[in-house]
Amino acid sequence: MQYSKIIIPVAMLQMNSPNDVPAAFYGNIGAVIGHEIIHGFDTNGAQFDSDGNINSWMSQAGQASFDSMAQCVINEYNEFNYTDSNGQVYKVNGVQTAGENVADNGGLQAAYNAFMSDPEWNKPFPQTPKLKDTTNEQLFFLAFNRFWCIPPSDAFAASHDMRFA
Ligand SMILES: [Zn+2]
């Protein structure tokens with residue numbers, strides 16, 4: 001039997017202290033852990049059985065449902081694009097990024113479900129001027145976005161899973 005493992009650098013965990021805010025915890029490290037677990041069931045991971053062998057293990061109906069879900073994700077991400085500083089439009093390659101996108105969506109959903117089932121999900125958090133009137137649910141999604149957010153750049157678009165439109 002083969003095992004997969006998830007390695008989480010301690011620096012990622014340290015991002016959650018010093019405020020101990022559940023919304024931030026689930027929105028960033030919770031979504032990361034969910035993302036990595038979902039990789040075991042994304043468009044690549046779902047091809048492997050419990051022994052780590054490439055083997056179709058889903059029922060026909062399950063496979064059809066999975067394929068439909070995966071195609072929906074591919075279609076959605078095929079519509080995303082970025083326009084560089086010269087006006088060149090790059091489109092996300094939905095097929096090439098399907099595994100990551102399935103993991104992102106599934107991981108975020110799992111983290112959100114865990115967050116909402118935490119008895120302390122609505123715990124008050126420090127209200128900075130920028131977070132004034134922000135709800136815990138909004139903070140969850142802000143934490144997720146902030147965790148992976150990088151400024152867009154032409155070099156990034158040219159080198160990461162994007163193609164000319
Ligand atoms: Zn990933």
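Key figures
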{"quantity": "Meets criteria (β-branched (Val, Ile, Thr) and closer than 21 Å to Leu142 by Cα) for Val92", "calculated": "no"}
{"quantity": "Matching residues in the stretch 51-63 - criterion: being closer than 24 Å to Asn93 by Cβ and surrounded by 11 or more Cβ atoms within 10 Å (Cβ to Cβ)", "calculated": "Gln63"}
{"quantity": "Filter result for the condition that a residue is polar (S, T, N, Q) and farther than 28 Å from Ala114 by Cβ, over Asn28, Asn44, Asn101, Asn53", "calculated": "Asn53"}
{"quantity": "Pairs where the first residue, in the stretch 90-108, is farther than 17 Å from Gly40 by Cα and the second is within 11 Å of the ligand (Cβ to nearest atom), C-beta under 8 Å, 6+ apart", "calculated": "Gly94/Asn101"}
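A short reminder: the numbers here are calculations on the coordinates, not readings from a lab. None of these values were measured; they are calculated from a predicted model. Positions of Cβ are backbone-derived with ideal geometry, glycine not excepted, and every protein chain shown enters the neighbour counts.
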